[in-house]
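Below is one structure, written out as structure tokens; the observations come after it.
The values are calculated or read from the model by the stated rules, or taken from the named source; none is laboratory data. In this text, all values refer to a predicted model and were calculated from it rather than measured experimentally. With ideal geometry, Cβ positions are generated from the backbone for all residues, glycine too; neighbour counts draw on all protein chains shown. Just the protein is used for accessible areas: all its heavy atoms, side chains included, with ligands, DNA and RNA removed. Shrake-Rupley method; radii C 1.70, N 1.55, O 1.52, S 1.80 Å.
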Amino acid sequence: SCFGYPLSIFFIVVNEFCERFSYYGMRAVLVLYFKYFLQWDDNLSTAIYHTFVALCYLTPILGALIADSWLGKFKTIVSLSIVYTIGQAVMSVSSINDLSDHNRDGSPDNIPLHIALSMIGLILIALGTGGIKPCVSAFGGDQFEEDQEKQRTRFFSIFYLSINAGSLLSTIITPILRGQQCGIHSKQQCYPLAFGVPAALMAVALVVFVIGSRMYKKVQPQGNVMVQVSKCIGFAIKNRFRHRSKEFPKREHWLDWASEKYDKRLIAQTKMVMKVLFLYIPLPMFWALFDQQGSRWTLQATTMDGNFGAIQIQPDQMQTVNAILIIVMVPVVDGVIYPLIKKCKINFTPLRKITVGMFLAALAFVAAALVQVQIDKTLPVFPAAGKSQIKIINLGTDAATVRFEPQLNTVNVTSKEWTGYMTFETSQLHSLNVISGNRSLNKIIELPGGNRHTLAIKNTATDIFAELMLDNVTSKPEEGKNLIRFINNLPDTINVTMGDTSFGALTSLAGSNYTTFSGGRKYEIAVIRNSVPCSFTSKALGFGSAYTIVINECSEHTSDVTYSEDIPPNTVHMAWQIPQYFILTCAEVVFSVTGLEFSYSQAPSNMKAVLQAGWLLTVAVGNIIVLIVAGASKLSEQWAEYVLFAALLFVVCIIFAVMAYFYTYIDPNEIEAQLDEEEKKQVKKDENSHEKQVEADSKL
């Protein structure tokens, strides 16, 4: 032992820290991996994410059954940790871009291969993390002797601290790893590293756990109480169905129909468990909202500005707000809020706390909807099919007038200025007329529709130049990236390089294609004109913008460039997500912590595992609800989906409040004491009967 604790528990705590780092680190970047690497849309990314989370909370039941009925906790943890580690390694391999990028263009050529590997990896991870979930904490508890109750209680505090520490650190670190550039043939976001580090941590967790093998107290499997409860419930239902005729008298409770096969104690304990499980029915709706932090809220953050001054926050790092706030809020709520409520003589019962938690979660989604409305206001509108958008850039020193024929629109553009995008019905737009100085130009145009175009015009020394360029951009840049292109407004051909990216040779008045650049920084731009180099530093790029940089002059000593904003940067700051995270964390504190405490207080000591399984099942069902609601709603606006989820939880909250009102609190210890007393009386009665029988036999 060490400081009065079994030495073995230190291996268990380190194992749990590494495992939680592995799980939450991988999960933090998962939805962005789906969206940007596997190229799935928001809805499919969200659906697969929640399917995975649901599976992670369904498999603990399987893990508990394997541990209690077959392998024992130690062998179950080791076996499923190997499966878990393989799953994490497969996920890391699945995200290697060069695995199928045969033409070396920076995009995987065989997406189905990456999807297949990802799904195999996620299934193995779900089996691993879910399977060991009910075993590790219970295995740690087994290491203590009966007289070490104080140490056991403290161990569980340290154990849950290691869970929070692992999840907090991983949600900070893995998004940073994801943001790095790596690759053999082309540099991409480093998902292999973001998944590889959690895989390495899981391997460390397994090795650490196995090293402590000789020190562990290993309890042999003694059967699973969930199996007994399930059999008891199944027999009661079957027996009631057999005796459904009116000639059979009714029994006080439907579980009493199991009395022919099961003892009175098991039936009474099952009744207590079923009473609590009935209250669990509305709870999945809370988890349906809560677990969207890792999906919808992370996707929301990708359309926001993550510049916090010296620090650039990645969208998937915003989940750390919950992890940080939970560490702060639990002691504040327990030590300050609850005592204040008690002083106000308000009877804040556990079920009332759970109701408040559900209400707060709904409120958090209302806050998310308000933020989404503000984001939507900043998003550009792209042309639908059959429509075209045109923006005019005047490269000359003379003002110009552009008429879109037949008589659709007339626009005046001053020297070296530009317009916003104008929308036209493609079928109605036939030609345009440009007037500048004393010259004019008629140009017949045929546009494909559904695209944006830029009309570059200039009154040169000899004639009017007018060129319609296809922008080839149909959505706002994602991941906070920026699109940059150049227009050469010089009389000579130039070569342009921005950062490490070469735009090649641009002839006079020619434009380049857009190229993607990371946001939140300035870039060095190098221009070579007639073999003479010149360079200048770009303006600080925002996040999610697109610019056309017009080079008007560039020599050894001077440069003149203009920045035409094609798509505005993300202007809604990620800090606006903090209120919704704060409200949801408050909801988690009063809902989750109270829910487990309430469940444990209302169930017999040997039935805690059943309630733990039921609680985890509510999380799984909650994630399945997200799939159903998001799939069935068909709402085009994200803010409307947030409001829908909030409204559903408000309704469920009212239903739960009514159920809680009619709930009668019980004391399981008191009921079990009564059962003990009845059993003693029965034993005494049986003994007396036996003695009388013996006396009668002796007289004969």
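Go through region 577-638 and name the GluC sites (Glu not before Pro) that are in a DSSP coil and have 13 or fewer other Cβ atoms within 10 Å of their Cβ.
E637
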Open item on the list: Can you compute the label reach from N103? Point 7 Å from Cα along the Cβ direction, backbone N cut-off under 19 Å, restricted to region 166-184.
Closed with: 184
Open item on the list: Net charge within 15 Å of G106 by Cβ-Cβ distance, Lys/Arg positive one each and Asp/Glu negative one each, not counting G106 itself?
Closed with: -3
Open item on the list: I need the P(r) histogram for region 1-223: all alpha carbon pairs, bin width 5 Å from 0 out to the longest distance, whole percents.
Closed with: 1, 7, 14, 18, 18, 14, 10, 7, 5, 3, 2, 1, 0, 0
Task: Hydrodynamic radius by Kirkwood, which averages 1/r over all alpha carbon pairs of region 116-192, in angstrom - done: 15.9 Å
Task: Crossing angle, helix 42-66 versus the chain [Cα axis fit, 0-90 degrees, rounded to tens] - done: 20 degrees
Open item on the list: Output needed: percent of Cα pairs per 10 Å distance bin for region 387-567, bins running from 0 to the one holding the longest distance.
Closed with: 9, 36, 35, 17, 2
Open item on the list: I'd like the FRET efficiency for R521 and T153, computed as 1/(1 + (r/R0)^6) with the beta carbon distance as r and R0 of 51 Å, rounded to 0.05.
Closed with: 0.50
TODO: Evaluate the Kirkwood expression for the hydrodynamic radius of region 34-119, namely the inverse of the mean inverse distance over all pairs of different C-alpha atoms, and round to one decimal in Å.
DONE: 15.1 Å
Task: Linear extension gain, A510 paired with E670, 0.36 nm per residue minus alpha-carbon span - done: 48.9 nm
TODO: At 4 °C and 1.567 mPa s, grab the translational diffusion coefficient of region 483-623 from Stokes-Einstein with a Kirkwood Rh over Cα pairs, rounded to a whole number in µm² per second.
DONE: 66 µm²/s
Task: Extended-chain gain in nm, criterion 0.36 nm per residue less alpha-carbon gap, E145 and Y338 - done: 66.1 nm
Open item on the list: For the pair F348/D492, report the inter-label distance in nm, with labels modelled 7 Å from Cα in the Cβ direction.
Closed with: 7.5 nm
Open item on the list: Using only the Cα atoms of region 254-320, what semi-axes does the equivalent ellipsoid have when each is the square root of 5 times a gyration tensor eigenvalue? Give whole Å, largest first.
Closed with: 51, 11, 7
- [ ] Starting from the Cα coordinates of the chain, work out the convex hull volume and express it per residue in Å³.
- [x] 237 Å³
TODO: Give me the percent of the accessible area of region 138-247 that comes from carbon and sulfur atoms, probe 1.4 Å, all protein chains in place.
DONE: 59 percent
TODO: Could you work out how far helix 149-178 tilts from the main Cα principal axis of the chain, as a 0 to 90 degree angle to the nearest 10?
DONE: 20 degrees
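Assuming R0 = 56 Å, what is the FRET efficiency of Y563 and I654, from their Cβ-Cβ distance, to the nearest 0.05?
The value I calculate is 0.55.
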- [ ] Would you work out the relative contact order for region 173-228, in percent, from Cα pairs under 8 angstrom that are 6 or more residues apart?
- [x] 22 percent
Open item on the list: Sort 479-490, 240-251 by the packing proxy (mean of other Cβ within 10 Å over each peptide's residues), most packed first.
Closed with: 479-490, 240-251
Task: Ranking by accessible area, most exposed first, for S100, S230, S636, S107 with a 1.4 Å probe - done: S636, S230, S107, S100
Task: Stretch gain in nm, segment V411-N688, where the contour uses 0.36 nm per residue and the Cα spacing is subtracted - done: 88.8 nm
Task: Euclidean distance between Cα centres, region 234-278 to region 280-321, Å - done: 45 Å
- [ ] Just order 293-300, 80-87, 499-506, 664-671 by mean Cβ neighbour count inside 10 Å, highest at the front, would you?
- [x] 293-300, 80-87, 499-506, 664-671
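Based on DSSP H runs of at least 4 residues, each adding -39500 (n - 2.57), what is the mean residue ellipticity at 222 nm of the chain after dividing by all its residues, to the nearest 500 deg cm²/dmol?
Helix contribution divided over all residues of the chain: -17500 deg cm²/dmol.
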Open item on the list: On the principal axes of its Cα set, how long, how wide and how thick is region 329-410? Give whole Å, largest value first.
Closed with: 77, 32, 18
Open item on the list: To make sure I understand the rule: partners must be lysines, Cα under 29 Å from the Cα of K443, and not fewer than 8 residues away in the same chain. Which ones qualify?
Closed with: K387, K391, K416, K458
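What relative contact order, as a whole-number percentage, does the chain give when Cα pairs under 8 Å and 6 or more residues apart are counted?
Working: 1179 pairs, mean separation 112.7, N = 700.
Relative contact order of the chain: 16 percent.
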- [ ] Go through 316-328, 18-30 and give me the packing order, highest mean Cβ count within 10 Å leading.
- [x] 18-30, 316-328
Task: Loop GluC sites (Glu not before Pro), region 365-473 (other Cβ atoms within 10 Å of the site Cβ: 15 or fewer; DSSP) - done: E417, E446
Open item on the list: Using only Cα atoms and rounding to the nearest 10 degrees, what angle (0 to 90) does helix 8-32 make with the longest principal axis of the chain?
Closed with: 40 degrees
Open item on the list: What's the magnitude of the charge dipole for the chain around its Cα centre, counting Lys and Arg as +1 and Asp and Glu as -1 at the beta-carbon? Answer in Debye, nearest 20.
Closed with: 1560 debye
TODO: With a 1.4 Å probe and all protein chains in place, put H453, H430, H557 in order of accessible area, largest first.
DONE: H557, H430, H453
TODO: Using the 2.2 N^0.38 Å rule of thumb for compact globular proteins, work out how region 199-306 stacks up: its C-alpha Rg over that value, please.
DONE: 1.82
Open item on the list: Using the Kirkwood formula on the Cα atoms of region 579-663, what hydrodynamic radius do you get, in angstrom to one decimal?
Closed with: 15.1 Å
